1. Check whether at least one residue in the stretch 11-33 is part of a helix (DSSP H, G or I) and among the aliphatic types (A, V, I, L, M), and report yes or no.
2. Test HIS32 against the criterion of being surrounded by fewer than 13 Cβ atoms within 10 Å (Cβ to Cβ) and either in contact with a Leu (Cβ under 9 Å, 6 or more places away or on another chain) or touching a residue at least 24 places away in the same chain (Cβ under 8 Å) (or both), and give yes or no.
3. Name, by its number, the condition in (1) over 19 Å from PRO3 (Cβ atoms); (2) at pLDDT below 95 that does not hold for ILE50.
4. Taking the condition touching a Ser or Thr at 6+ places or on another chain (Cβ under 9 Å) and of a type in the set (D, E, K, R), does ASP41 pass?
5. Which condition does LEU42 not pass, out of (1) among the aliphatic types (A, V, I, L, M); (2) part of a helix (DSSP H, G or I); (3) closer than 25 Å to ARG5 by Cα, if it passes all the others?
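The values are calculated or read from the model by the stated rules, or taken from the named source; none is laboratory data. Nothing here was measured: the structure is a model prediction, and the numbers come from that model. Note: ideal-geometry Cβ built from the backbone for every residue, glycine included; neighbour counts use all protein chains shown.
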Amino acid sequence: MTPARLRPVTPPHRIAVVAADHDQIVGREPVHRLAQTWGCDLWSYQHGHITVMTARGITARLHDRVLERIEDTVAGVALAG
């Protein structure tokens, strides 16, 4: 499977791709190209494939991102309704 060939249904402004700069499984470049191809945010961390999950601040960043999107959705529904 080549993710860059897929076209997400989710709009790019709602997608964040996480890159581990020391990833020795996938590699850094394919992840950076994916974010560029999809036109979405790229979050780059100086970690490996698995250790990126423990990157300082990543949990809070993901939490904040989800809350922003929920608030955007709720605001959109309120305007439409």
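1. Within the stretch 11-33, the subset part of a helix (DSSP H, G or I) is 12-14, 28-33.
Subset that is among the aliphatic types (A, V, I, L, M): 31.
There is at least one residue in the stretch 11-33 that is part of a helix (DSSP H, G or I) and among the aliphatic types (A, V, I, L, M).
2. Judged against the criteria, HIS32 is not a match.
3. All conditions pass for ILE50, except number (1).
4. Details: touching a Ser or Thr at 6+ places or on another chain (Cβ under 9 Å): no; of a type in the set (D, E, K, R): yes.
No, not satisfied.
5. (2) is the only condition that LEU42 fails.
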